[in-house]
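Bear in mind that the values in this text are calculations on the coordinates, not laboratory data. Predicted model, so just to flag it, every value in this text is computed and none were measured. For neighbour counting, all protein chains shown are included, and Cβ atoms are generated from backbone atoms with ideal geometry for every residue, glycine included.
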Amino acid sequence: MKIEYFAKDNPKEWIEYLAQQFGTRVVDNTFNISSELGEGFMKQVYLFEGFTLTYLHFKLIQQVELIRHSVKNANLFPIMFFGQEDPLELNIEGKKKQIGYNTSNGIFMPSPQIESRWKLPANMDEYQITLTIDKKWFTSLFALPHDNYLKQVLESNKPFYIFESIQSSMRHLINDIHQVINSNNNFQYFTIHQKAIELFNLFLMQLEYRNTGNISISSINKLDVQRVFNVRKTILENLHSPPQLKNLATDAEMSISKLQRSFKQVFGKSISQYALSEKMQLAKQMLNTKKYTISEVGYDLGYTNLSHFSKAFYNEFGVNPKTHLSSLINS
């Protein structure tokens, strides 16, 4: 099945047009796909006049190909964050890319003049968050320096597309938005508003690295970049019992020194720093459910000394686990 659409200058018109392609209609800025296709929905949240969040969460029975046709002039520019673990295939200008959290192409931002196609496979639990910005809103609202990367790109009026990786801090915001939208939170809009602004800010900061050169993966070949992303995937799947560095290096077919250097160059942290930070994020998520005691979380994450767990948690969040849990219970 193919779903075809064009870039539009009104987010509400766009989602209504897309809903028609799926054979359904928009109600309260949301449309649900039919049971014949699977299950899931798409929702839009209007944050500012020139800033919209679109959330997609599908599990399809059959494969669907999304085709975004090019247009000559449009003021809206999407920034797509692909949250699914398994990569999707994106075809852009005849080039095939693997896009997803575990690739270096987790974020995709195309100009309206660029045609792109991607396939949503059957039986994959996939979700995507898109922040759509209006060029006039962005370039006029902020007092941006002339050499700001995104400002230069938008004002050039030339076709472009940008790929970026999804960093850990972005992933946690994406997960937060995913959970809030799928909850019955009465203050959903305000939470989404806050998280969307944070996510957009992190994206802008990441683009600035293109100017400053503080972080660059240009000196790493594509194969090694993918190997480093595979190492990150292994770490995230084994936070309770992190693999030894020598085993990660063997699996990545790299020396330990090369793996350490490449990992920090791509993700901005050493492997041990990254693993500890992610472990504390998991600890916080477990505490947030209010289903576990501090001892249960600490022991589950491999700590035999709970004071060491409390210290690591405090170093990450500036508050100890007991205070954090108390604030949740009293809220």
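Remark: the Tyr299-Gln179 segment gains 40.6 nm on full extension, using 0.36 nm per residue and subtracting the alpha carbon distance. What the Cβ-Cβ distance of His69 and Asn221 gives, at R0 = 35 Å and to the nearest 0.05, is a FRET efficiency of 0.55.
When Ser262, Ser183 are arranged by Cβ crowding within 10 Å, least crowded first, meaning fewest neighbours, the order is Ser183, Ser262. Kirkwood's formula applied to the C-alpha pairs of region 220-331 gives a hydrodynamic radius of 15.1 angstrom. Placing +1 on the Cβ of every Lys and Arg and -1 on the Cβ of every Asp and Glu, with no other charges, gives the chain a dipole of roughly 660 debye about its Cα centre.
Among 106-112, 227-233, the peptide with the highest mean count of other Cβ atoms within 10 Å heads the list, and the full ranking is 106-112, 227-233. Applying 0.36 nm per residue to the separation of Phe317 and Glu89 and subtracting their alpha-carbon distance, the gain on full extension is 78.4 nm. What does a probe at Asn186 reach in region 299-331, counting residues whose amide N is under 17 Å from the point 7 Å along Cα→Cβ? 330-331, by backbone N distance to the label point. Once Lys and Arg get +1 and Asp and Glu get -1 on their Cβ, which of Tyr274, Trp14, Met80 lies farthest toward the positive end of the dipole of the chain? Selected residue: Tyr274. When Rg and Dmax are taken over the Cα atoms of region 2-212, they come to 16.4, 50 Å.
Candidate cross-link partners of Lys119 among the lysines, defined by an alpha-carbon separation under 23 Å and a same-chain spacing of 8 or more, comprise Lys2, Lys8, Lys43, Lys59, Lys95, Lys96, Lys97, Lys222, Lys233. Taken about its Cα centre, region 240-325 carries a charge dipole of roughly 220 debye when the Cβ of each Lys and Arg holds +1 and the Cβ of each Asp and Glu holds -1.
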